[in-house]
Amino acid sequence: MKHWHSRFGFALALLLSLALNCAAQSTNYLFAYFTGNGEDGLHLMHSRDGLKWSALNGGKSYLTPMVGSQKLMRDPCILQGPEGVFHMVWTTGWEGRDIGIAHSKDLINWSEQKAIPVMAHEPTAMNCWAPEIFYDAANKQYLIFWSTTIPGKFPETAGSAGKGRNHRIYSVTTKDFVSYSQAALFYDGGFNVIDATLVQDGSRFVMVVKDETELPTAKKHLRLATSDKAAGPYSKASDKFTMDWVEGATVIKINGEWMVYYDMYRDHRYGAVKTRDWKTWETITDKIDFPKGVRHGTVFAVSDAVMNKLRVNWRNALQQSAEWYSSAEAMQIAENVLLYQRDNGGWDKNTEMATPLAPAERAKILAEKDAPYSTIDNGATVAQLHYFAKVIAATKHEGIQAAFLKGLDYLLAAQYANGGWPQYYPLRKGYYTHITYNDNAMIGVMELLRAIAQKQPGFAFVDEARRAKTERAIAKGLDIILKTQVVVNGKKTVWCAQHDETMLAPAPARAYEKISLSGSESVGIVRYLMSVENPTPEISAAINAAVAWFEQAKITGIKVVEQRDESFPRGYDRVVVPDAKAAPLWARFYDINTNRPIFCGRDGIIKSTLAEIEHERRVGYSWYTNAPATLLQKEYPAWQAKQAHKR
């Protein structure tokens, strides 16, 4: 038992503390909203409890508006129909006689947007605001409703708002989103009304609306009406159940209580009330937490399958907004990253860290925490530590700080005395022991350590003793970079993707990764050298020599294309074709003696063209790159200018 506790005690304690905060229940609530004036389109945020909400997609739009009177996407309303498809309607502009509509199976990939001219038969209609969609199960059809002002109608409330606006709720129905009924009056409660939203509560239907009356005395609050049919008719509206100057209500039932969210647009924030009986209300505005900038939208529940596609994945987890790293979603991923951290402090590669884990999966990962090897290949360990640093900056979480430092200690321990880093540590037999530049493995480590050594933002929590170690580590790493630059006929060139850890000579890796000069990995090395603030003459000479080699090694007059070919397993082939106008390319590998591109299949036999190796390797590996182009055209000239200015 002591052995078990020593292995898992710290990890379990921290995992439990995170889990209690992140996963109290499994229901997924989404909120579709817009920001600004609706120019950039559909935004989504997520919550587990309906109180704390986190923007998805890094706060970026999922769908840009393309249709309608002003090509805006305001007031998005999303409903999942009985066929499983999501249907969205929205306001296309402040004026106009149409609404927008689109459909999606996953909320990511959307159909062609269309503008439905719902009020085209009313030539004086001023607008179509805040459309909503509801499935009328009794009639097996969709009900779409919105607010419109038609000048001259409803004279009893004329002048009740500015700019001649005097709204009522209108609707159309459709079964197939191809043909629509002609718009008809849906609700006239005897007052200027907008922003209707509809839910079913048992056998009755409840419609929440905004009393848009502004003159002579402003109301601008929410009321409700009921009916025994979705299509109405609806009752007289209740008294107000919110403060004044709110709009854009949306409603959902959570844990037996109806939550009504609304836009407190004068205060630039959201508010909410809740009820069980539509009579007694509790204000919960101080309990909800929305991202900044959220405007009128709709709330709805989705399955785990839908939610998993919308979540941040490990590929883009480092590209989110700073505030996202304190969100429930970010902490759930942090919990996973911690779970995957091995006892030696590092991580394995090619793991999707963001996917929610079932209990059995979590137990299996915990049981494997004492696996002997961790790696820096494919960004492993480095990416996890960068992620931890962002979460720490947002939360100051002490447990995650401890896990970060454990990972940092792993990287420092993995470095060879000569300054290089192996691909795996503890050392794993085979080419894994070589000093590994492949896929920027060692450069990624050095960039992270330099950020720590320089006390860059996000790394202030690292103690001075470890910071001093990182300074020494990057100094040794820089030294080995200079020592491993390949010299051919007395002339410095570039680097191999890996070098022998003892002799420092270029070394092979897998059967198709031969001793060679790298046209790919060498780019990252040169960029690192150019980022050294005060380069020594030796560093400058290494940069200049590598750039000269890139100029000599560039290939013109060809391009690499993917051609459809159903005879191959993947349905396509990758081929090199002539093209006099193509931008320059570089091969992944060059023969050290001839400086000619080389290609190799799993048989280990070097070929001179891509076409000569088997299809699986042809399409399953990156044999050409354009990465040196930016280095030569922009970065190197900028570096030269900077050095000239220093002189």
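The values are calculated or read from the model by the stated rules, or taken from the named source; none is laboratory data. All of these numbers come straight from a predicted model, not from anything done at the bench. Cβ atoms come from the backbone with ideal geometry, glycine included; neighbour counts cover every protein chain shown. Keep in mind that these areas ignore ligands, DNA and RNA; they rest on the heavy atoms of the full protein, side chains included. Shrake-Rupley method; radii C 1.70, N 1.55, O 1.52, S 1.80 Å.
Worth pointing out:
- The shape of the chain can be summarised by an equivalent ellipsoid whose semi-axes, obtained from the alpha carbon gyration tensor, come to 58, 30, 23 Å from longest to shortest.
- Whole-number D in µm²/s for segment 274-423 (Stokes-Einstein; Kirkwood sum over Cα pairs; 4 °C, 1.567 mPa s): 73
- Each Lys or Arg adds one and each Asp or Glu subtracts one; over the other residues with Cβ under 9 Å from the Cβ of Gly345, this totals 0.
- Phi-based couplings in Hz for segment 616-623 (Karplus 6.51, -1.76, 1.60; Gly and Pro marked x): 4, 7, 4, 9, x, 8, 8, 9
- The gain in end-to-end length when the Asp188 to Glu282 segment is fully stretched comes to 31.1 nm, 0.36 nm per residue minus the alpha carbon separation.
- Taking amide H positions as modeled 1.01 Å from N, with prolines and chain starts lacking one, the residues under 5 Å from Asn28 and 5 or more places away or on another chain are Val302.
- Computed 3J(HN,Hα) for segment 115-125, one whole-Hz value per residue from the Karplus formula 6.51 cos²θ - 1.76 cosθ + 1.60 where θ = phi - 60°, is 9, 9, x, 5, 10, 4, 6, 10, x, 9, 4, glycine and proline marked x.
- Atom-type composition of the exposed protein surface of the chain places 53 percent of the accessible area on carbon and sulfur (1.4 angstrom probe).
- Backbone HN-Hα couplings from phi across segment 411-420 [Karplus 6.51/-1.76/1.60, Hz, Gly and Pro as x]: 5, 5, 6, 6, 5, 5, 4, 7, x, x
- Given Lys492/Lys514; Lys390/Lys476; Lys105/Lys279; Lys52/Lys236; Lys175/Lys309; Lys349/Lys642, the pairs whose alpha carbons are separated by over 30 Å: Lys105/Lys279; Lys52/Lys236; Lys349/Lys642
- Rounded to the nearest 20 debye, dipole of segment 477-632 from Cβ charges on Lys, Arg, Asp, Glu: 280
- Peptides 268-275, 453-460 ranked from most to least packed give 268-275, 453-460, packing being the mean of other C-beta atoms within 10 angstrom over each peptide's residues.
- Residues whose placed amide H lies under 5 Å from that of Arg588, excluding near-sequence neighbours: Tyr624, Thr625
- Summed over all non-identical Cα pairs, the Kirkwood treatment of segment 465-562 gives a radius of 15.0 Å.
- Direction-averaged projected area, Cα convex hull, segment 482-522: 3.1 nm², rounded to one decimal.
- Reducing segment 148-178 and segment 343-377 to their Cα centroids gives an inter-centroid distance of 58 Å.
- With Cα atoms as the point set, the radius of gyration and Dmax of segment 235-346 evaluate to 18.7, 69 Å.
- Distant-in-sequence amide H partners of Phe186 (H built 1.01 Å from N, under 5 Å): Ile169, Tyr170, Ser171
- At a probe radius of 1.4 angstrom, the accessible area of the chain per residue rounds to 44 square angstrom.
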